[in-house]
1. Given (1) under 23 Å from A:M219 (Cα atoms); (2) at pLDDT 95 or above; (3) not in a strand (DSSP E or B), identify the lone condition not met by A:T45.
2. Do the conditions hold for B:A127, that is, is it in contact with a strand residue (DSSP E or B) (Cβ under 7 Å, 6 or more places away or on another chain) and part of a helix (DSSP H, G or I)?
3. Tell me yes or no: at least one residue of the stretch A:198-208 is closer than 23 Å to A:L123 by Cα, at pLDDT 95 or above and within 16 Å of ligand 1 (Cβ to nearest atom).
4. When you check A:A230 against the structure, is it within 16 Å of ligand 2 (Cβ to nearest atom) and either assigned to a helix (DSSP H, G or I) or farther than 23 Å from B:G123 by Cβ (or both), yes or no?
5. Identify all residues within the stretch A:24-56 that are in contact (Cβ under 8 Å) with a residue 60 or more places away in the chain and aromatic (F, W, Y); write none if there are none.
6. Pairs under 8 Å by beta carbon, first residue farther than 15 Å from A:G162 by Cβ in the stretch A:191-208, partner of a type in the set (D, E) and crowded, with 16+ Cβ neighbours inside 10 Å, six or more apart or different chains?
7. Being surrounded by 14 or more Cβ atoms within 10 Å (Cβ to Cβ) and more than 16 Å from B:E114 (Cα to Cα) is the filter here, so list the residues in the stretch B:39-67 that pass it.
8. Name, by its number, the condition in (1) within 11 Å of another protein chain (Cβ to nearest Cβ); (2) more than 16 Å from ligand 1 (Cβ to nearest atom); (3) within 28 Å of the chain's Cα centre (by Cα) that does not hold for A:S114.
Amino acid sequence: MNALPQSADFAPPEAAAKAPAIRLERLGKTFDPAVGPVLDDISLTVGQGDIYGIIGRSGAGKSTLVRCINRLERPTTGRVLVADRDITALAGAELRSARRDIGMIFQHFNLLSSRTVAGNVALPLEVAGLSRAEIAGRIPPLLDLVGLADKAASYPSELSGGQKQRVGIARALATNPSVLLCDEATSALDPETTEQILSLLRDINRRLGLTIVLITHEMQVVRDIASHVAVLERGRLIEEGVTFDVLAFPKSAVARSFLSGLVAHELPPPVERRLRAAPGPDTDPVLRIVFSGDYAHQPVIADLIHRFPVEPNILFGRIDYVGDRPLGVLTLALGNGEAHLSAIVGHLAALGLHAEVIGHVSRLP
Amino acid sequence: MFLGFLSPALASLLLDSLTQTAVMVSVSAVLALVLGLPLGVLLVVTTPGHIFARPLLNRVVGTFVNLIRSTPFIIMMVAIIPLTRLLVGTSVGTSAAIVPLTVAITPLFARLAETAMREVDRGLIEAAEAIGATPFQIIVKVIIPEALPGIVAGVTVTLVSLVGYSTMAGTVGGGGLGDLGIRYGYQRFMPEVMLVVVAILVVLVQVIQLAGDRAAFAVNHRLARRRNSR
Ligand SMILES: Nc1ncnc2c1ncn2[C@@H]1O[C@H](COP(=O)(O)OP(=O)(O)O)[C@@H](O)[C@H]1O
Ligand SMILES: [Mg+2]
């Protein structure tokens, strides 16, 4: 499994004991048999209190997947369990009552233009049959939570995108759901507003223990708040796990390329072209080192120079933060390194760093 | 007053006709709204893929509505005389004219309301489904309020059309301004009566249109506007 130290932030010790919030069991969805399945045999488990990111390119089936969780879409095969309750088996009033336990926010907010902010937040409470007085009492704390206490009487047309999404969040939380589904919730927002909405979601996740399923095509959203991530490609789940691990060590080529905008797993084409599979008489080995956690702060290059008669040359590299853990990927050409290669890899492994030889480059004259 | 140039007898006739028109238009308008809105809702929600998909029912109701709408009003008035007798006991007079007017105008308003309600963003309906709303709650709390500006515009068109249709009500002895214009202005060759009738109709339609536009604006919150009216 995962050899890296777990960040305290992402994996509370009691995590193992908690029941899953959502389980998908061999979920499949086909709209048009001629086109083939849009979701193909997807099984995954979302733990209580997780922020579970699902990423994939446009058309991968992400929206269809979340919409199966609250049954806006009916799965063709498989089961969806929310808090151990089989959503796929429900219909009518039972389904509607189960939906009250699953909040949802949308890319385009989907607020009623005919209602004020307070009216929009009141809608799920009216639908649930609460009295006027009860509703009136529930609205102010909800608006406080999302920072819109002063906008109760405004109409959505008078709000900015970020404010509209805050109303969406307040509406989704009105019935105290245990799960919040987010379908590209920040994709219509500018980077700064995205940042604010994500930090609000993180805050709500921590304060209310709310489980969040978040689908997006934006890698940095996952990097910033998801504790777990699944990569969806053409309706199939190709990668799944703790966000840091998936980002640091993607198993599939597709995921690797998908993550390359964020983590330097792939070399830029000019460097890539120089790479040879086999060593030659005048080549240097190319080493990729994945730094994670505390190791990102170690003076690895200086250490190598100190211990081995090599001249490391940085070909490509980047350090990013996943949650609050640094993750760096560095690609080095080791001048005069062929002779010492196994010793160097062994040394790095002993330090707890992941190092692998990815090829060889001709020494430049 | 402005009818001063007409003889007192004519003036009082004009006033009677105006009253008849007002009665015909307002009563059949209220009936058309009450009957047409549910009909429009039915046409929307029974569409395949909508919240109460009933394709067969949708087809049947749609065909029925089209059938009425393609029948010329003048033929309709005569054709439904048995129904009129059944409902109001007589087939002549102002109240008798209300039956064909209502029958003719309800499908028009239903279609206008349908068009407005079809425009409601699917995303809003899905958001309501996601919070566990029933189809009825979605209709009452989402579809109708969101379509209200369009529905109000439909009411305006319906009222204006009703004023037009009502001028033919003389055919079944319904009276009204149109009837007066034909009988005096045309058959007795009193062009000033015709002129006054047309002038009143023009003013009536203008007033309806203006009031309708204002009402549609007042219920429309889709566009941001200066907050002075609230
Ligand atoms: N209601 C539908 N009917 C037919 N095809 C659909 C429907 N919804 C989605 N699809 C198809 O399913 C695929 C996945 O769509 P979607 O789940 O929206 O992807 P994503 O959210 O990852 O962009 C697309 O090819 C899309 O055309
Ligand atoms: Mg999508």
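The values are calculated or read from the model by the stated rules, or taken from the named source; none is laboratory data. Note that the structure is a prediction, hence the values are computed from the model and not measured. Note that we place each Cβ from the backbone using ideal geometry, even for glycine, and neighbour counts take in every protein chain shown.
1. Just one mismatch for A:T45, condition (3).
2. Working: in contact with a strand residue (DSSP E or B) (Cβ under 7 Å, 6 or more places away or on another chain): yes; part of a helix (DSSP H, G or I): yes.
Considered against the rule, which asks whether it is in contact with a strand residue (DSSP E or B) (Cβ under 7 Å, 6 or more places away or on another chain) and part of a helix (DSSP H, G or I), B:A127 comes out as yes.
3. Residues of the stretch A:198-208 closer than 23 Å to A:L123 by Cα: A:200-201, A:204-205, A:208.
Still in the list and also at pLDDT 95 or above: A:200-201, A:204-205.
Next cut, within 16 Å of ligand 1 (Cβ to nearest atom) only: none.
No, there is no match, as no residue in the stretch A:198-208 is closer than 23 Å to A:L123 by Cα, at pLDDT 95 or above and within 16 Å of ligand 1 (Cβ to nearest atom).
4. Working: within 16 Å of ligand 2 (Cβ to nearest atom): yes; either assigned to a helix (DSSP H, G or I) or farther than 23 Å from B:G123 by Cβ (or both): yes.
Spelling it out, A:A230 is indeed within 16 Å of ligand 2 (Cβ to nearest atom) and either assigned to a helix (DSSP H, G or I) or farther than 23 Å from B:G123 by Cβ (or both).
5. Matches in the stretch A:24-56: A:Y52 only.
6. No pair meets every condition.
7. Answer for the stretch B:39-67, where residues must be surrounded by 14 or more Cβ atoms within 10 Å (Cβ to Cβ) and more than 16 Å from B:E114 (Cα to Cα): there is none.
8. That leaves (3) as the condition not met.
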